[in-house]
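Novice: Structure in structure tokens, see below.
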Amino acid sequence: MDKRSPSVLRHLADVQPELWWLDSDPLEPEPHSAVVGEVAADLCIVGAGYTGLWSALLAKERDPQRNVVVVEQYETGAGASGRNGGFCSASLTHGFSNGMRRFRDEMPLIERLGRENLAEIEATIERYGIQCDWERTGELRVALAPWQYAQMEEEARLRNEFGDNVELLSREEVQARIHSPIYHGGLFDPDGTALVDPARLVWGLERACLSLGVRIFENSHVEWIEDVDDAVRIHTPYGAVTAGQVILATNVFPSVLRHVRKYVVPVYDYVLVTEPLTDEQRERIGWSAREGVSDAGNQFHYYRLTSDGSILWGGYDAIYNFRGKVRREYEFNADTYATLAAHFLETFPQLHDVKFTHAWGGAIDTCTRFSPFWGTAMDNKVAYAAGFTGLGVASTRFAAATMLDLLEGEPTERTGLAMVRKKPLPFPPEPFKWIFIRLTQAAIKRADTHEGKRNVWLRLLDAFGLGFDS
């Protein structure tokens, strides 16, 4: 379907470049003051997204007397935490297949830890009464071609051997759930994914932190960091925080530790949301169980129903801007919105009378292994994690717990993992980074149109442990 045809573009006529999650939501907390003057803490956390807030919450739960401060350059949840699609997945490795390629021997343990982590998130939401539209719907991954379905058969066998509980669905079975003419089959994971309102989750975590005595400072960009004997000093425009320990939870934004920057690049992902569907429109597509859905291509879409019956539709394009710049103007991309609208109508042609109302984008912190990595600095007084690659709603909690383990210096199941002990390969410098990413994206796109066959370039990346697949 031509993305520039009038039959596609008319669906975007009323779209607003706004976050659906933030549209007149009454639960957004009051703003916090900036750091002014001298602030002392036991633990200072840089970044007030999921990673930072989970770090603060877990730190206070482990030691209620710990003096914890969070410093945020914008406002709480301003980055990926407040603008993602709301898929809370148990996977810690950006999907099972990606994990098997990199951490095969550890995958039974990683899968168990991922399921336990998701259960702890649900328990936290219940414990603190967080209103975030949490739905344990599971996730349906759909095959759009026979080769994708063939790969699902092997994945289902392995995952069930490792303790997961997934079900392979035939073409007829998957189309009985959700009526799309392009589905060839599917893999349903009933308990490995929950859906959530991401903004309300980040605000709920913020309230939980405040209830335990965490202090949060906003509009306080960290300019530099220094090691001062037995403490670390975080410098902001109007003051500084001195703490015995520091967690860096800046994710896609450039780390104050320059050597960490080579491991992360920002890629922009985009989302559309439809107007609420009528009962008659819902009947056309089924979807009565409200599963989260993604397709099995290397360039994939993810989509779900919102609390008011709209469809959130995102993914596919992953756009890297030269030199890895993160800018607010990149959050709107008319060409990608047209591509997404065209793909939506191919998936659900019966929704020819539905319009989109909201559209936005955001930067994802991607590393060369597509899953988070960890590290410490300044004599183990500083810990960091990054590289979540768009599947961080749940894995940020695991990352936070692991960073606290690293700072405490006590070995745990988490810190013993190779994925924690080893870092991904760094990206090359510019302009080679830009060329590298563009070549890879072109090869991935070609693989999707050639039955998943990986060309020489992708096989070379696989050999070096890079293995881009989404």
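Novice: For the chain, list the DSSP H helices whose alpha carbon atoms reach 18 Å or more along the long axis and whose average Kyte-Doolittle value is -1.0 or above?
Specialist: 107-127, 198-211, 334-347, 392-408, 432-448
Novice: What number comes out for the charge environment of residue 278, summing +1 per Lys or Arg and -1 per Asp or Glu over other residues with Cβ under 11 Å away?
Specialist: Within the 11 Å Cβ shell, the charges total -3.
Novice: Packing-wise, with mean Cβ within 10 Å as the measure, how do 358-368, 311-321 rank, highest first?
Specialist: Output ranking for 358-368, 311-321: 358-368, 311-321.
Novice: While we're on this one: Counting only other residues whose beta carbon sits under 13 Å from that of residue 333, what net charge do I get with K and R as +1, D and E as -1?
Specialist: -2
Novice: If you count, for each residue, the other Cβ atoms within 10 Å and average over each peptide, how do 45-54, 279-288 line up from highest to lowest?
Specialist: Packing proxy ranking, top to bottom: 45-54, 279-288.
Novice: Still on this model: How do 226-234, 189-197, 114-122 rank on mean C-beta neighbours within 10 Å, highest first?
Specialist: In decreasing order of mean packing, 226-234, 189-197, 114-122 become 189-197, 114-122, 226-234.
Novice: What aspartates and glutamates does residue 325 reach when the alpha-carbon gap must be under 15 Å and sequence neighbours fewer than 8 apart in one chain are set aside?
Specialist: 269, 365, 430
Novice: As I understand it, the dipole of the chain uses +1 on the Cβ of Lys and Arg and -1 on the Cβ of Asp and Glu, about the Cα centre. Which of 103, 384, 286 lies farthest toward its positive end?
Specialist: Highest projection toward the positive end goes to 103.
Novice: Could you check the simple spin-label distance between residue 62 and residue 408, using points 7 Å along Cα→Cβ, in nm with one decimal?
Specialist: It works out to 0.5 nm between the two label points.
Novice: Using Rg and Dmax of the Cα atoms in Å as the read-out, say which of (1) 21.6, 67; (2) 22.9, 84; (3) 28.7, 113 was calculated from these coordinates.
Specialist: The calculated read-out lines up with (1).
Novice: Can you spot the aspartates and glutamates whose alpha carbon is less than 18 Å from residue 453's alpha carbon? Ignore those fewer than 8 places along the same chain.
Specialist: Cross-link targets: 153, 154, 155, 295, 462, 469.
Novice: Follow-up. Counting each DSSP H run of 4 or more residues in the chain as -39500 (n - 2.57), what helix-only mean residue ellipticity at 222 nm follows after dividing by all residues, to the nearest 500 deg cm²/dmol?
Specialist: Using -39500 (n - 2.57) per qualifying helix, the result is -10000 deg cm²/dmol.
Novice: First select every other residue whose beta carbon is under 15 angstrom from the beta carbon of residue 14; then total the charges, Lys and Arg +1, Asp and Glu -1.
Specialist: Combined, the nearby Lys, Arg, Asp and Glu give -2.
Novice: Further, regarding this structure: Tell me which aspartates and glutamates have Cα within less than 20 Å of residue 355's Cα, excluding those fewer than 8 residues away on the same chain?
Specialist: Straight-distance partners of residue 355: 2, 14, 18, 23, 275, 279, 280, 283, 308, 335, 346.
Novice: Let me ask something else about it. Size of the dipole of the chain about the Cα centre, Lys and Arg at +1 and Asp and Glu at -1 on the beta carbon, nothing else charged, in debye to 20?
Specialist: Dipole size: approximately 1580 debye.
Novice: For the chain, calculate the relative contact order in percent as a whole number, restricting contacts to Cα pairs under 8 Å that are 6 or more residues apart.
Specialist: Over the chain, the number comes to 23 percent.
Taken together, the values in this text are just the output of simple stated rules run on the coordinates, not laboratory data. Being a predicted model, the structure only gives us computed values, none of them experimental. Please note: Cβ atoms are built from the backbone with ideal geometry, for glycine as well, and neighbour counts cover all protein chains shown.
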